[in-house]
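Read-outs throughout are calculated quantities, based only on the coordinates presented, and are distinct from any laboratory measurement. Everything numeric here is computed off the predicted structure, so don't read it as measured data. Here the Cβ positions follow ideal geometry from the backbone for every residue, glycine too, while neighbour counts run over all protein chains shown.
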Amino acid sequence: MADLTRARGALTQVRDGLRAYRLISAMWIRSLMAYRLSFVMTAFGNFAVTAFDFAAILLMFSQVDRLGGYSLSEIAFLYGATCTSFGLADLSLGSMDRLGKRVRDGTLDTLLVRPAPVIAQVAADRFGLHRVGRLLQGGFVLGYALVVLDIAWTPLKVLMVPLMLLCGAGIFAAVFVGGAAFQFVAQDAAEVQNAFTYGGTTLLQFPPTVFAKDLVRGVTFILPLAFVNWLPALYVLGRPYPLDLPTWVAFTPPLVAALLLALAGLAWRTGLRSYRSTGS
Amino acid sequence: MRVRTGRFRLYAAVGRSGFRRYATYRTATLAGVFTNTVFGLILAYTYIALWDERPGLGGYDQAQALTFVWLGQALLTVMALMGGGFEGELIERIRTGDIAVDLYRPADLQIWWLATDLGRALFQLLGRGVVPMVVGALVFDLALPTDPLRWFAFLLAVFLGALVSFSIRFLVALSAFWLMDGAGTAQVAMLAGTFFSGMLLPLNVFPGALGEFARALPWSALLQVPADVFLGKHTGVDLLGTYAFQIGWAAALLTAGRLLQAVATRRVVVQGG
């Protein structure tokens, strides 16, 4: 009985959080739309900045036919998958890296007294719709890859593509939340988060054959970024997995994402509890 | 003469405060060092894959290509290739009108900001450049110069590159006088900076005419040129020509900044009540 009440309580909390997130982000979108030209420009800028990553890959392929044994279309598939996943997470939670600033200048206190979950408020804070630029760019490259790749599609492989994008977004979301939790302690170390978010997505743009075994081991077993795209995408491409992992690991991203999100949630709670205001 | 030395002391003090200001953020610097190192590692492996496929690409052997990666990480914040220098603050001062106060100061706007930015650049070179470079040298086989003169030549190229970097960003900031919001120009400048400096890929790997075009633009003075000096690609008379290239761009852009500053300050309307 008590369990049921608690479960219901948790459910209400999630619903409240989502509602607050929706309201706050809608407010920021409205404010962005007040300057429509500026919005279009920043969204385009966001698109262009990230497109340069792919331009670098194209430039590399102007000199070579293969990189780490992979063709351009295969790398475009890896690239498009990680950028889309990351774009989804960045669009919904990218504002969380402002937490350190809020801890430093004490404005987090305002969020604590409002009757809405703090995480929803932090995540929706200055919700930047212009970040769709990155998402679009990843989507385009992924679309291109899907068109040019020569894959013997099976229902399972078809299903794997959307599953990979969603679970990848979940894994990156966990990194965003975990990174924000870390900032309760570190305060002005937002850049560490960049190493894992931007660094992670840069790493995953290239096939695992490019990197040293230990690095691949690290992003498989310690910070399991390999589950964002490498393992599911290599299944779709019919390529061998890194570290001689068994076939079924390609189907584990949902589990990994759920586990990471749970851990990140726990870290967030611990961080928030340890928060002491700067005072004035 | 006394006025001259007084001025110099003023700008030296401004430069020192620029240095100290960034030195205050120790955790942020440590975090930045960590991020630069992680990116250096990732890029280094992709370069190894590229140079495995095409040894001698762009005239570099693999050790030189890897050195280029770590130089890029070391100079990223020094040259403010992805923004983050003084320009945000100057744009903000123009937007809010605080710039009027600056114009009343008995100091030159351009030299004032140049001094703070050089102070910042020096801090970033020491604070965020040295450690990633050392890590890179420990993990990979880098082409580090043994000749102390080459290190000196490199530092001079870095200094001239910092001048060019400043003069570009000063122009970007001044655009706020007309646009009221410098975010757009800052972003375009950042795009150009990452693409044409060699940060994405060494400019000598760019194919054909695109490569030649990129190497002629001022952004190549920020990373490609200092890296090539470091790697010993320019020596003797050629080295002087390289410096002339950097000085030429710095002089042209600083002059443009001067002229634009004169036009812009005439536009300032001080609101009062």
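Volume of the convex hull of the protein assembly as shown (Cα atoms only), normalised per residue: 184 Å³.
Computed extension length for B:Asp108-B:Val268: 56.0 nm, one decimal, from 0.36 nm per residue of separation with the Cα-Cα distance subtracted. Pairing the Cα long axis of helix A:253-274 with the longest principal axis of chain A, what angle in degrees results, from 0 to 90 and rounded to the nearest 10? Rounded to the nearest ten degrees, it is 30. Of the residues B:Leu160, B:Leu253, B:Leu179, the one that moves most in a GNM of chain B with alpha-carbon contacts below 10 Å is B:Leu179.
If you plug the beta carbon distance of B:Tyr25 and A:Thr209 into 1/(1 + (r/R0)^6) with R0 = 35 Å, you get a FRET efficiency near 0.35. Taking all C-alpha pairs of the stretch B:61-178, those more than 21 Å from each other amount to 46 percent.
Computed over the stretch A:1-79, the range of Cα coordinates on each principal axis works out to 65, 41, 12 Å, biggest value leading. Helix A:132-148 axis versus longest C-alpha principal axis of chain A: approximately 20°, rounded to the nearest ten.
So how strong a dipole does chain B carry about its Cα centre when Lys and Arg Cβ are +1 and Asp and Glu Cβ are -1, to the nearest 20 debye?
Working: 21 positive and 16 negative charges, 250 e Å.
About 1200 debye.
With charges only on Cβ, +1 for K and R and -1 for D and E, what is the dipole size of the stretch A:1-159 about its Cα centre, in debye, rounded to 20? Intermediate values should be presented prior to the final figure.
Working: 17 positive and 11 negative charges, 149 e Å.
It comes to approximately 720 debye.
Note on the stretch A:160-280: with charges restricted to the Cβ of Lys and Arg (+1) and Asp and Glu (-1), its dipole about the Cα centre is near 220 debye.
Compute the normalised compactness of the stretch A:192-280: alpha-carbon radius of gyration over 2.2 N^0.38 Å, N being the residue count. Spell out each step's value before the answer.
Working: Rg = 16.2 Å, N = 89, 2.2 N^0.38 = 12.1 Å.
Rg over 2.2 N^0.38 Å, computed on Cα atoms: 1.34.
Note that the stretch A:194-203 has calculated 3J(HN,Hα) couplings of 4, 4, 8, 7, 5, x, x, 6, 5, 4 Hz, one per residue in order, obtained from phi through the Karplus relation 6.51 cos²θ - 1.76 cosθ + 1.60 (θ = phi - 60°); glycine and proline are x. With unit charges on the beta carbon (Lys/Arg positive, Asp/Glu negative), name the residue among B:Leu103, A:Ser31, B:Thr35 whose Cα is farthest towards the positive pole of the charge dipole of the protein assembly as shown. After comparing all options, I get B:Leu103. Treating r as the C-beta distance of A:Lys157 and A:Asp244 and R0 as 25 Å, the FRET efficiency rounds to 0.75. Of all the options B:Ala186, B:Ala13, B:Ala74, the one that moves most in a Gaussian network model of chain B with Cα springs shorter than 10 angstrom is B:Ala13. Placing unit charges on each Cβ (+1 for Lys and Arg, -1 for Asp and Glu) gives the protein assembly as shown a dipole about its Cα centre, and among B:Ala80, A:Met164, A:Val141 the Cα reaching farthest toward its positive end belongs to B:Ala80. Extension gain for B:Ala100-B:Asp61 works out to 8.8 nm (0.36 nm per residue, less the C-alpha to C-alpha distance).
Placing unit charges on the Cβ atoms of the charged side chains and taking the dipole of chain B about its Cα centre, the candidate lying farthest along the positive direction among B:Tyr22, B:Phe213, B:Val188 is B:Tyr22. Note on chain A: Cα-Cα pairs beyond 23 Å make up 57% of the total pair count.
Under Stokes-Einstein, with the Kirkwood radius over Cα pairs as Rh, the value for the stretch A:135-184 at 4 °C and 1.567 mPa s is 100 µm²/s.
Would you kindly give the portion of the calculated P(r) for the stretch B:1-86 that falls above 17 Å, as a percent of all Cα pairs? Across the stretch B:1-86, Cα pairs with separations above 17 Å total 63 percent. From the square roots a ≥ b ≥ c of the eigenvalues of the alpha-carbon gyration tensor of the stretch B:34-130, which class results: rounded (a/c under 1.5), prolate (a/b over b/c), or oblate? Note, shape of the stretch B:34-130 comes out prolate.
With viscosity set to 1.567 mPa s and temperature to 4 °C, compute the Stokes-Einstein D of the stretch B:211-252, Rh being the Kirkwood radius across alpha carbon pairs; µm²/s, no decimals. Please list the in-between numbers first.
Details: Rh = 10.4 Å.
So the translational diffusion coefficient is about 125 µm²/s.
Two numbers describe the Cα atoms of the stretch B:99-241: Rg and Dmax, which are 17.4, 53 Å.
Note that the stretch A:228-268, at 25 °C in a medium of 0.890 mPa s, gets a Stokes-Einstein diffusion coefficient of 219 µm²/s from its Kirkwood radius over C-alpha pairs.
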